[in-house]
1. Which percent of the accessible area of region 352-411 is formed by carbon and sulfur heavy atoms (probe 1.4 angstrom)?
2. Suppose R0 equals 41 Å. What FRET efficiency, 1/(1 + (r/R0)^6) with r the Cβ-Cβ distance, do GLN513 and LYS8 give to the nearest 0.05?
3. Evaluate the distance, in nm, between pseudo-label points positioned 7 Å from the Cα of ILE71 and of TYR219 along their respective Cα→Cβ axes.
4. In whole Å, how far is the Cα centre of region 131-154 from that of region 371-414?
5. For the ranges 25-35, 99-109, what's the packing order if you count other beta-carbon atoms within 10 Å of each residue, average per peptide, and put the highest first?
6. In region 450-489, what percent of the accessible surface is made up of carbon and sulfur (1.4 Å probe, ligands and nucleic acids excluded)?
7. With a probe of 1.4 Å, find how much accessible area region 378-458 has per residue, and write the answer as a whole number in Å².
Amino acid sequence: MFLPSNMKRLASLHWPYKQRLALAFLAMIVTAATEPVVPYIFQVLLDKGFVGKPTFSLWLVPAAVIGIFFIRGIATFTSSYMMTWVSTRVLNELRRQMFARMIDLPVNFYATNTVGKVINSIMFEVQQIIDMVTKVFTSIIRSLLTVIGLLGWLLYLNWKLTIVTLILLPLVTVVVRMTGKRLKKLNRDSLAVNAEMTQLIEETTRAQQVIKIFGGQHYEKNRFHERAENLRRYTMRMTTAFSATVPITQLMTAIAVAAVIVLALVESGNGQITVGGFVSFLTAMLMLLAPLKQLAEINGPLQRGMAAAEEVYKLIDKDTERSGGKPLAARSTGRLQLVNVDFSYPGHEQLALKGINLSVQPGETIAFVGMSGGGKSTLVSLIPGFYSATGGEILLDDAPIESISLISLRQQIAMVNQNTVLFDDTLAANIAYGDATPDPLRIAAAVEAAHLNDVVEGMPEGLQTRIGDNGSRLSGGQRQRVAIARAIYKDAPILILDEATSALDTESERAVQAALDRLMEGRTTFVIAHRLSTIERADRIVVLAHGQIVEVGSHQALLANEGTYANLYRLQFSQQAA
């Protein structure tokens with residue numbers, strides 16, 4: 001049987017649970033088998049129970065009815081429980097695969113995909129797939145078996161009248177196929193609108209202070225209303241396309257029932273059918289309505305699930321960061337060479353870096369300065385392999401970094417970003433982040449070196465206090481010192497400081513700068529700083545403009561050179577004086 005590739009992949013996720021699925025399938029068979037028994041009981045009651053003296057025990061009928069529904073209840077519970085048991089595990093496996101891929105995606109993915117879209121895929125779209133699998137599988141198996149059982153009973157009772165009933169099935173199929181394509185397109189568009197709404201909610205939650213201080217409440221409410229209304233319109237279109245299937249099916253069924261009644265009356269007049277047989281036939285036929293309706297309704301969740309599966313597997317199939325390369329045999333010395341390095345961002349023709357040549361010795365401190373957009377952060381992002389150079393190469397201890405595994409390469413690097421990132425965990429966990437077996441002594445040493453003792457003492461549970469979403473329970477300066485403590489704890493041979501002291505007041509900056517000076521001893525350090533006073537003691541200062549190195553030298557040498565650096569220095573200090 002042909003299955004789309006995504007459906008085959010979903011089926012393979014269910015295969016490990018085939019025993020439980022088989023049990024659910026068996027329970028559905030039992031449930032379906034009990035359906036024809038009800039019209040059979042009606043036939044027996046009418047033909048043998050209400051005509052003369054009953055030929056069977058009066059207690060047999062209630063015992064049979066109770067027994068049938070007791071068996072049916074157990075079978076229904078078993079099938080529902082087993083299907084839910086399997087579907088929740090498949091749901092977790094899909095989310096695990098998506099999260100693992102999300103973690104391994106290159107940085108550029110997040111420059112072109114919104115956070116809301118990723119959250120929407122992992123939380124909402126996966127659930128749509130599971131709803132499809134559960135509802136569609138259950139409806140197809142249980143309803144199809146019920147239809148087969150009831151049709152078998154109908155054929156047994158009267159094959160002529162059953163032919164009229166069979167006309168329903170191809171007509172229902174035609175109706176379902178007509179609405180299927182439109183539903184799939186509407187569901188795909190609806191998923192995109194839903195992702196936009198998730199992104200808006202995520203942005204609004206994160207930007208509360210900006211919204212309030214700049215009076216953006218009305219603007220954000222309008223944006224939300226626009227997206228909510230757009231989603232509502234798509235929902236109504238889907239409901240219109242989907243809901244039309246059910247009344248059309250019911251109308252066709254009503255026509256068939258009317259035809260059956262007329263034909264049955266004719267046959268009854270000729271003595272070809274008994275009252276019990278007619279009631280049993282009509283009951284079984286009416287009982288066909290529910291499973292036929294369920295079969296018609298699977299089109300909605302089927303199309304929603306297929307559209308969601310496309311988006312989910314599109315994320316799972318994204319290319320990850322490179323996985324090749326060899327691990328370093330020992331701790332790096334920190335010697336780096338950039339040889340004719342060019343770089344352009346994916347999808348851009350213009351080079352962000354052009355012809356960068358720089359040789360950095362172990363333990364040397366290199367500061368990058370220049371106007372915004374000059375390429376400082378771009379250049380530094382190449383060192384940990386966040387991006388790969390478009391041209392030229394970067395060497396670490398004389399080995400091209402492309403030949404080194406990313407895990408091994410990044411083990412040699414500690415980084416403090418301009419935008420501090422912390423986790424909603426304990427202070428200790430944030431400092432020792434990435435270490436499976438944190439060392440309390442190293443954590444304490446990092447706390448002291450980053451001048452965090454006063455912060456720890458002021459917390460109710462000390463180092464075991466949770467610091468909130470992105471460290472929301474800490475001040476800006478405290479958050480930055482936690483990030484510095486994290487870099488101190490890692491004790492890597494290469495250190496990247498991207499505006500590491502930007503959020504500190506003068507007193508805190510002086511204390512942390514002293515800690516950084518101790519940390520930088522014996523380590524290769526790259527510093528990005530806009531405040532030129534913080535990098536005067538760097539071994540070399542590299543001045544970047546328009547993606548090119550325009551000057552290299554010490555602070556004093558560059559001032560004496562009267563070039564770009566000297567102009568930047570004078571401009572900055574004249575602004576401070578003013």
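The values are calculated or read from the model by the stated rules, or taken from the named source; none is laboratory data. As the structure is a prediction and not an experimental result, all values here were calculated from the model. Positions of Cβ are backbone-derived with ideal geometry, glycine not excepted, and every protein chain shown enters the neighbour counts. Surface accessibility is based on the protein's heavy atoms, side chains included, excluding ligands, DNA and RNA. Shrake-Rupley method; radii C 1.70, N 1.55, O 1.52, S 1.80 Å.
1. That share works out to 55 percent.
2. On the way: r = 59 Å, r/R0 = 1.44.
In this case the efficiency is close to 0.10.
3. The modelled label-to-label distance comes out at 6.9 nm.
4. 58 Å
5. Working: 25-35: 19.5, 99-109: 14.5.
By packing density, highest mean first, the sequence is 25-35, 99-109.
6. Numbers: 790 of 1840 Å².
Carbon with sulfur: 43 percent of the solvent-accessible area.
7. On the way: 3690 Å² over 81 residues.
Computed with neighbouring chains in place, this is 46 Å² per residue.
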